[in-house]
Protein chains: 2
Amino acid sequence: MNTEKLISEIHKKQSFLCVGLDVDLQKIPAFLLKEEDPIFEFNKAIIEATHPFTVAYKPNLAFYEAHGIKGWQALKKTIHYLNKNHPEMFTIADAKRGDIGNTSQMYAKAFFNDLGFDSITVAPYMGKDSVEPFLAFKEKHTILLALTSNEGAYDFQTKKAGDKALYKKVLEISKQWKNSQNLMYVVGATKAEYFKEIRQIVPDSFLLVPGVGAQGGSLKAVCKYGLTKNIGLLINSSRGIIYASKEKDFAKAAAEEAEKLQLQMKTILNGTNRPA
Amino acid sequence: MNTEKLISEIHKKQSFLCVGLDVDLQKIPAFLLKEEDPIFEFNKAIIEATHPFTVAYKPNLAFYEAHGIKGWQALKKTIHYLNKNHPEMFTIADAKRGDIGNTSQMYAKAFFNDLGFDSITVAPYMGKDSVEPFLAFKEKHTILLALTSNEGAYDFQTKKAGDKALYKKVLEISKQWKNSQNLMYVVGATKAEYFKEIRQIVPDSFLLVPGVGAQGGSLKAVCKYGLTKNIGLLINSSRGIIYASKEKDFAKAAAEEAEKLQLQMKTILNGTNRPA
């Protein structure tokens, strides 16, 4: 999916919400465990209930790999289901991969071509030649970790690297890489005060923002500085939506939580304060 | 496997070689492609031929994920084969994972408990709470990326972070994390001149060293500063060993290459220059 299509979907749905499909068998309704593929059945129900309010879905790979081959089957079925039934959705493989060149190329092929994701999250530590193989794919997006939502972000990311913090260096340097138009960045909502400076470095890039809700970040604070004239934000919520209820009504409860966020987004998109 | 056992195996075999099982279907002998599981058949043959000369095996996950479910099956069969038939081998999941706490925990469980690897490579960018869930596993090892063997290492890793290079900060700070006795580090052989300073920060830690051979690093140069009284080095070679021949004799050719390195290691281990 190209960026124009994503922006047009956001306008159409009045939402820049991404639902994180981080499926934990201990947290989903118990009655689903009787199904042959509980993870996929859960995802299907969540997708069917929430798709009117969201423009993106993001399975975190760890939750699938934790179940080995069965997990991979559930992931494959989920992405195929999305691509077949909801081709307008932007799909994100939250894999946080990154390796030397020829190896990154194998990851890129696996996630973009074989599985059919629109994008993948990638760690920047190994630098340019570990990321460019992902960037080489047309109409696919590489979402580079910049400033993450966890405490550990302060260990290295916010430490001064030369004249500025490492995460700023990651933004600055990666902009110079080949096909950098295919870059997006992960920036945690828990660090809303950083968005102003981030927008000075990457004024137009899409930012994938985890940490709204369960991790404590505020949607309004993020939008105040993060929103651009082409939106430029995908706000992810996982636990707050998909685990809204553990009962028979889990999908309905998820939809209600997703709609709450969508309505807030609609208000922000139509607000007088947003960039023209 | 605990570190003492690894060291004792190194002494017994007079080798600190690790064979990288980075299986690319385009590079393995064509006749194997007729097998039901060519990746596993290739690995089995390589393991049977090379095990007298090596103490560790390291499958890089990208090469398995590239084949989806089939790849995961081949990986599972390979690690089970190793644990059953060669339990003395130190096994490394070269996965370069790392995510927020609860997610890292899922990865750790998947690789350590479910698959049964002795160790996993982890990226440091997300800091302490992304790594500590791996460190919590007893007699399992977390191999943190410090200074990698690729060109991109110069993008961020060698950049000054405060008073010293980022990779040195990674070494220094990670030493303070809980259960840091379970840490090892990735340091590329292509940067042999850095080993002296690295040993000042982590005098005793095991270093996993890729980049000998195909990537141009020299074994002697690495050992000069990297070797400790408890060895402290695992030298990885992948392509130089496993793709030594594309013919029927591929396993024999791999064994010959592994033995060449093992003999060099034996000489070094018995040399007069090594630390007492």
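Looking at B:E41, is it assigned to a helix (DSSP H, G or I), surrounded by fewer than 21 Cβ atoms within 10 Å (Cβ to Cβ), of a type outside the set (S, T, N, Q) and more than 9 Å from chain A (Cβ to nearest Cβ)? The answer is yes for B:E41.
Which count do you get for residues in the range A:58-69 that are modelled with pLDDT under 95 and either of a type in the set (G, A, S) or part of a helix (DSSP H, G or I) (or both)?
Here the count works out to 4.
Can you tell me which residues in the range B:1-38 are within 14 Å of chain A (Cβ to nearest Cβ), in contact (Cβ under 8 Å) with a residue 12 or more places away in the chain and out of contact with any Lys or Arg (no Cβ under 8 Å at 6 or more places or on another chain)? Listed by number, the residues that qualify are B:V23, B:D24, B:L25. Scanning the range A:112-156 for residues that are free of Cβ contacts under 8 Å to residues at least 60 places away in the same chain, more than 11 Å from chain B (Cβ to nearest Cβ) and under 21 Å from B:T103 (Cβ atoms) turns up A:F117, A:I120, A:F134, A:T142. I'd like to know if the range B:237-250 contains one or more residues that are among the acidic types (D, E) and closer than 22 Å to B:V186 by Cβ. Taking every residue of the range B:237-250 in turn, none turns out to be among the acidic types (D, E) and closer than 22 Å to B:V186 by Cβ.
Every condition in (1) within 9 Å of another protein chain (Cβ to nearest Cβ); (2) crowded, with 21+ Cβ neighbours inside 10 Å is met by A:L82 except one, and the failing one is (1). Starting from residues that are hydroxyl-bearing (S, T, Y) and crowded, with 24+ Cβ neighbours inside 10 Å, keep the ones in the range A:111-167 and report whichever is farthest from B:S174 (Cα to Cα). That would be A:S119. Any residue at all in the range B:86-101 that's at pLDDT below 95, more than 14 Å from A:A66 (Cβ to Cβ) and not in a loop (DSSP other than H, G, I, E, B)? Checked against the condition, which is being at pLDDT below 95, more than 14 Å from A:A66 (Cβ to Cβ) and not in a loop (DSSP other than H, G, I, E, B), the range B:86-101 yields at least one hit.
Scoring B:A110 on the criteria (1) in a loop (DSSP other than H, G, I, E, B); (2) more than 21 Å from B:A161 (Cβ to Cβ) leaves a single failure, condition (1).
Residue check: is B:N236 crowded, with 23+ Cβ neighbours inside 10 Å and either touching a residue at least 60 places away in the same chain (Cβ under 8 Å) or not acidic (D, E) (or both)? Yes; evaluated as a whole, the condition is true for this residue.
Looking only at residues in the range B:91-102 that are touching a helix residue (DSSP H, G or I) at 6+ places or on another chain (Cβ under 7 Å) and surrounded by 24 or more Cβ atoms within 10 Å (Cβ to Cβ), the one that is farthest from the other protein chains (Cβ to nearest Cβ) is B:T91. Quick check on A:P87: is it of a type outside the set (S, T, N, Q), touching a Gly at 6+ places or on another chain (Cβ under 8 Å) and either more than 7 Å from chain B (Cβ to nearest Cβ) or under 24 Å from B:V131 (Cα atoms) (or both)? No; evaluated as a whole, the condition is false for this residue.
Checking the range A:191-207 against the condition returns a match, with at least one residue being of a type outside the set (F, W, Y) and under 28 Å from A:N43 (Cα atoms).
Residue check: B:F137 meets all listed conditions (1) outside any helix (DSSP H, G or I); (2) touching a Leu at 6+ places or on another chain (Cβ under 9 Å) but one, namely (2).
For the range A:170-187, the set of residues classified as more than 9 Å from chain B (Cβ to nearest Cβ) and under 19 Å from the mean Cα position of the chain (by Cα) consists of A:L171, A:S180, A:Q181, A:N182, A:L183, A:M184, A:Y185, A:V186, A:V187, listed by residue number. Would you call A:Y167 under 23 Å from B:L145 (Cβ atoms), aromatic (F, W, Y) and at the interface with chain B (Cβ under 7 Å from one of its Cβ atoms)? No, not satisfied.
The values are calculated or read from the model by the stated rules, or taken from the named source; none is laboratory data. The shown structure was predicted, so the numbers you read here are calculated from the model rather than taken from an experiment. Positions of Cβ are backbone-derived with ideal geometry, glycine not excepted, and every protein chain shown enters the neighbour counts.
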